Amino acid sequence: MPSSTPPYQQITAEIRARILTGELRPGERMPSIRQIAQRWGVAVATATKVMAALRDEGLVETKVGAGAVVTAGRGQPAARQRQAGTPKPALNRGQTLRTAIAIADREGLDAVSMRRIAAEMGVGPMSLYRHVASKDELVMQMADEVFGEAGLPEPGPDGWRAKLELIARRQWELCRRHLWLPRAVSFTRPLLAPRVMEHTEWTLRALDGLGLDMATRIREALTLHALVVSASLSMAQEAEAEQETGVTLDRWWRTQQERTGALLGTGRFPLLAAIATETVSDVDALFEYGLARHLDGFAAMLKKM
């Protein structure tokens, strides 16, 4: 293959040949994106393009609990797999976003591309650019769409603490439902998306009447959201690890029991030895603890004013 061929195309061709010759059989697990990056010495973004290309060609599909596997109907792009007479979905902004969100929910944000969305919808990639100008804009619109799922009551419950608890838990629910969402949010380059901005505006209103200047109010709004994002990133990382390896968290802990027991049995870590495994792995409890302690600190600050 000519050296001028992009690396992702070279890798795609190599894996495609292994599938078509039967070396990789239908239903067999594919190398993960990380494994492709490590084996061929390329960036994760390049490995992601490889996996997207193989999916677009109908050679690879994602199975829950197994990750990416060789598809049974290999070599049949999604657009050709539609049954005769089945109408194509309406090509509009809403349908495009719903398709992108569904892909991200199943396979993560790296799996989302114009080519992949077009293949899912059975249309040409260029037709999507009528509704979305770029990948960055697509991700922004996806985040804006899912933030709209969390209805915020007006005026909300009484008291600043009840209001902050409400919006933090609504955002936590969104991040649990859409594990890719924390990666779509930036604090240094905030999303200028109406529904996302509504959440910030609602939080700022929740702090009315406390005698706080606007700088303190926006810092509190961003810190509260950062608490949600940092806690939910651990969920996203676990889901990614489970998808890539097929090993659940419970199963992973079981495989670590012997080594954990050996370390804790030395007597060097008596306090750690007294902690139950579920205390560490219960992300909901960790989130609630972090939220409560943060709001306790905020209440203490208000008392000193």
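The residues of the range 115-199 have, on average, 51 Å² of accessible surface per residue, using a 1.4 Å probe with all protein chains present. Surface composition of the range 135-231: carbon plus sulfur atoms contribute 53% of the solvent-accessible area (1.4 Å probe, protein chains only, all chains present).
The values are calculated or read from the model by the stated rules, or taken from the named source; none is laboratory data. Predicted, not measured: the structure shown is a model, and the values here were computed from it. The protein model used for the area step is the full one, side chains on, heavy atoms only, and it has no ligands, DNA or RNA in it. Shrake-Rupley method; radii C 1.70, N 1.55, O 1.52, S 1.80 Å.
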